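The values are calculated or read from the model by the stated rules, or taken from the named source; none is laboratory data. Note that the structure is a prediction, hence the values are computed from the model and not measured. We place every Cβ from the backbone using ideal geometry, glycine too, and count neighbours over all the protein chains shown. Just so you know, the surface numbers come from the protein's heavy atoms only, side chains and all, with ligands and any DNA or RNA stripped out. Shrake-Rupley method; radii C 1.70, N 1.55, O 1.52, S 1.80 Å.
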Amino acid sequence: MPFSSLGLSDPLLRAIADAGYSIPSPIQAQAIPAVLEGNDVLAAAQTGTGKTAGFTLPILHRLSQKTYSKNRPIRALILTPTRELAAQIGESVNKYGTHLHPRLRSEVVFGGVKINPQISRLKGGVDILVATPGRLLDLINQHVVKLNYVETLILDEADRMLDMGFIRDIRKIIGFLPKKRQNLLFSATFSADIRKLTTGLLVNPIKIEVAARNTAAELVDQVAYLVDKTDKSKLLCHLIKEHNWQQVLVFTTTKHGANRLTEKLNKVNINAAAIHGNKSQSARTKALAGFKANNLRVLVATDVAARGIDINLLPHVINFELPRVPEDYVHRIGRTGRAGEEGEAISLVSHDEYKTLRLVEKLIGKEIKREQIPGFETSKIAPPIPPKQPRQPRRNKNTNQQKKANSSPRRKKY
Ligand code: AMP
């Protein structure tokens, strides 16, 4: 199905062609017509599915049908959990709206930076506001933002917003909106809290599901390298140099861990920077921009900082440590293999993380192949999955010998 059959205007189709997209992703094929018709939408979609264009394009279409020359009121409000995600949505709005005449105005506001420049940018009026909930409430309380003309509310990554404790802020913000409006809610998972939120919010929503809940991206090749904890950074340097990787996203569980690893990489001339909650917004933006522009070889990130990072065609994601929460593994590996591209997710797993590895496997419903890298073998245990055996002829299937082979160490409790 071509984009032209979805009902979008020519200037938007031109912007889609500029972006190099040839066919709509499944979520776009379903969400765009639904939003254009003015429906409420409830979409189960993770990052990497093309969901941003799925709501941005039809919103731009609808708003551009009627423009205000002066005193532009906010007509579309996009709430999103993190600064990075807000900035990226803002970029998408600009990119897809580039050929519209007259142009729609949009602004992005988030916390952690000075509020005054944001206040002055909002003074001229904007059609579309992308915001994180806390900063938006500050702006409402300072009477800088009024929401009484909002026609469409978009909650992006709603599950993340709830995880980050934004539920009360969101409810307060909803209280400032006109009763009659269109609501779109995007969430990767559907917890009881999300369901509670959607019940009062959405009216006869069109339900869209493009990926099963908590399913790891199928295109991502996943492997666990078993290694001693003390050898992890040496192994990482070895892998980067050996394969000549030029753009690697590495996850650590702690901010200190991210800093320490970044120092070690830089010491061996692997250009790396860390992004985490203790870094200033400008340092984070600089690191992300450098990484996107291929000037920075390794970006070391904690889970919260990495949430929503959108980098095209990211080939390698490394879990330097497995996340504490298995669901974060799915979010991490979602950074690679995006929009149909193949990717590779490598986890460096030490003995103390085997239990977590099992939990991750339980969540994604499949085994992650274990390997050891020569020179970095762990002495702690034998590998839980033995090297592949040649296939036994079928008739041997139930012999004792085969039964023995099947009771491989992978069944061992660890
Ligand atoms: P998102 O899920 O919105 O974060 O988008 C994931 C990535 O897919 C972004 O880098 C988009 O630029 C890209 N993308 C979105 N729609 C398409 C499409 N129809 N064809 C190819 N790439 C796309």
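Taken about its Cα centre, the range 3-209 carries a charge dipole of roughly 800 debye when the Cβ of each Lys and Arg holds +1 and the Cβ of each Asp and Glu holds -1.
If you restrict to DSSP beta bridges whose two residues both lie in the range 220-371, what percentage is antiparallel, to the nearest 5? If we restrict to bridges inside the range 220-371, about 0 percent are antiparallel. Residues whose amide H comes within less than 5 Å of that of G97, counting only those at least five positions distant or on another chain, are absent (H built at 1.01 Å from N in the peptide plane). Prolate is the label for the range 103-200, because a/c, from the alpha-carbon gyration tensor with a ≥ b ≥ c as root eigenvalues, is 1.5 or above and a/b exceeds b/c.
Think of a 1.4 Å ball rolled over the protein heavy atoms: the range 3-209 then has 43 Å² of accessible area per residue. Put a plus charge on the Cβ of each Lys and Arg, a minus charge on the Cβ of each Asp and Glu, and nothing anywhere else: the dipole of the range 34-156 about its Cα centre is then about 500 debye. Starting from the Cα gyration tensor of the range 220-371, take the square roots of the eigenvalues, sort them a ≥ b ≥ c, and report rounded, prolate or oblate (rounded when a/c is under 1.5, otherwise prolate if a/b is larger than b/c, else oblate). It is rounded, given that a/c, with a ≥ b ≥ c, falls under 1.5. Relative to the longest principal axis of the C-alpha atoms of the chain, give the angle of the C-alpha long axis of helix 10-19, reported between 0 and 90° and rounded to the nearest 10°. Compared with the principal axis, the helix lies near 30 degrees.
Could you give the size of the charge dipole of the chain about its Cα centre, using +1 on the Cβ of each K and R and -1 on the Cβ of each D and E, expressed in debye and rounded to the nearest 20?
On the way: 63 positive and 37 negative charges, 157 e Å.
Dipole size: approximately 760 debye.
Please name which of G165, V126, L155 has its Cα lying farthest along the dipole of the range 115-235 towards the positive end, using unit charges on Cβ (Lys, Arg +1; Asp, Glu -1) and the Cα centre as origin. Of G165, V126, L155, it is V126.
Using just the Cα positions, wrap the chain in a convex hull and report its mean projected area in square nanometres, one decimal place. For the Cα atoms of the chain, the hull's average projected area reads 23.0 nm². Per-residue ellipticity at 222 nm, computed for the chain from helices alone with -39500 (n - 2.57) per DSSP H run of at least four residues, works out to -11000 deg cm²/dmol. The fraction of accessible area contributed by carbon and sulfur in the chain is 50 percent, rounded to a whole number (1.4 Å probe; ligands and nucleic acids excluded).
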